[in-house]
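One structure is given below, encoded as structure tokens.
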Amino acid sequence: MPVGTNLVHTDCRFFRGHVPCKPHKQYGVHCRDCTYYTPVSQRYLIIKLGALGDVIRTTPLVRKIRALDPNAEIWWITYTPDFLPDDVDRKLKFDIASILQIEDVSFDYLFSLDKDYEAVSLANRVKARVKRGFIARDGKTAPFDELAEGKYLTGIFDDINKANKKSYLEEIFEICGFKFNGERYILSNFDEDGYKWEIDLPRPIVGLNTGCGGRWTSRLWSEENWSIVAQSLQEKGFGVILLGGEQEDERNRRIAAKSGAVYLGYYPLRQFINLVDQVDMVITGVTMGMHIAIGLNKRIVLINNIFNRNEFELYGLGEIVEPEKECKCFFSPRCINKEYFCLDYLSPAKIVESAIRVLEVKNNAVVK
């Protein structure tokens, strides 16, 4: 549309309307002579609100969309927009301002990937030519079509979940009508923030992510076991750093005092991600830290006890290790088994052996 003596390309991926576009800010171009003009082919909206680990492990979907539709305009609404890939055109925080904006736009595709009611209620309100995933129906979450039925059923029946052979990404891609072909996570290491670390440790460095958050204590391995792992790895010549957030601070201080492992403290999330990027391998339970490690392409030993191991896509970066005794608290935040706690039957030696195997295959060469 003509505006004065200029031609404004409102259909361009970079056009914002209320602020200068990125090519103008970087290169001073105007629409009439801009070589960066990219007409939007189709508009996609992803609803994936949180938690952050789930958001990170859904980012391969952005790679798929961009590969199939390079000129797509991708919108994503979430609780944590600051951690979305740069290839997302509109990063929206879940609030009333973003919801009003979404309601005012017509999309070609909606991928509604959360089952929480606020997410599916929003999905009902979105104008989209094609809707995939989950919506609200009669006050409850429901699959929009048959593509979402499998993932829907694994969420409401434990026996179906246990029998599932597909990874989370296979399920999510299937919901959207795609085939998962090993597309990787997208996660910045936030080097641009200028973090500096004074880490004088031998390589390879192993990060021990010792917590699991306050809710899921059924996944919490003992401080004693973490201390033994830290000591054993150091005796074998590895550097060891303890990782965690504020909830793990006292725990990590005790493990550090007992084992001699390095603990640098807890940090804001962007800085924590950058700290994880300083290590070569992460040993972790099923936590946000697991997804951060995978997103940063770190070697990994994953401790799993209450989830279906087929759910996890490790991209060949490591191994999943489980207790010798079966966990009887499938998908339960608290252990309800009065006979035994299954993680008591996961030995530190088993974790150390796995870590050594994983590190030895790095770059097809023995590193230590």
Qualifying residue in region 144-151 (condition: basic (Lys, Arg), touching a residue at least 40 places away in the same chain (Cβ under 8 Å) and under 15 Å from residue 54 (Cα atoms)): no
Number of positions in region 111-167 that are of a type outside the set (A, V, I, L, M), in contact with a Ser or Thr (Cβ under 6 Å, 6 or more places away or on another chain) and assigned to a strand (DSSP E or B): 3
Unmet criterion (only one of (1) touching a Leu at 6+ places or on another chain (Cβ under 7 Å); (2) over 30 Å from residue 134 (Cβ atoms)) for residue 250: (1)
Among the residues listed as 51, 97, 67, the single one being within 24 Å of residue 171 (Cα to Cα), among the small types (Gly, Ala, Ser) and modelled with pLDDT of 95 or more: 67
Within region 207-245, considering residues that are among the charged types (D, E, K, R) and modelled with pLDDT under 95, the one surrounded by the most Cβ atoms within 10 Å (Cβ to Cβ): 219
Enumeration of residues in region 296-317 that are of a type in the set (S, T, N, Q) and within 19 Å of residue 275 (Cβ to Cβ): 297
Condition broken by residue 100, with the remaining ones in (1) part of a loop (DSSP other than H, G, I, E, B); (2) free of Cβ contacts under 8 Å to residues at least 24 places away in the same chain; (3) among the hydrophobic types (A, V, I, L, M, F, W, C) satisfied: (1)
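The values are calculated or read from the model by the stated rules, or taken from the named source; none is laboratory data. Remember, predicted model here, so these are calculated numbers, not experimental data. Note: ideal-geometry Cβ built from the backbone for every residue, glycine included; neighbour counts use all protein chains shown.
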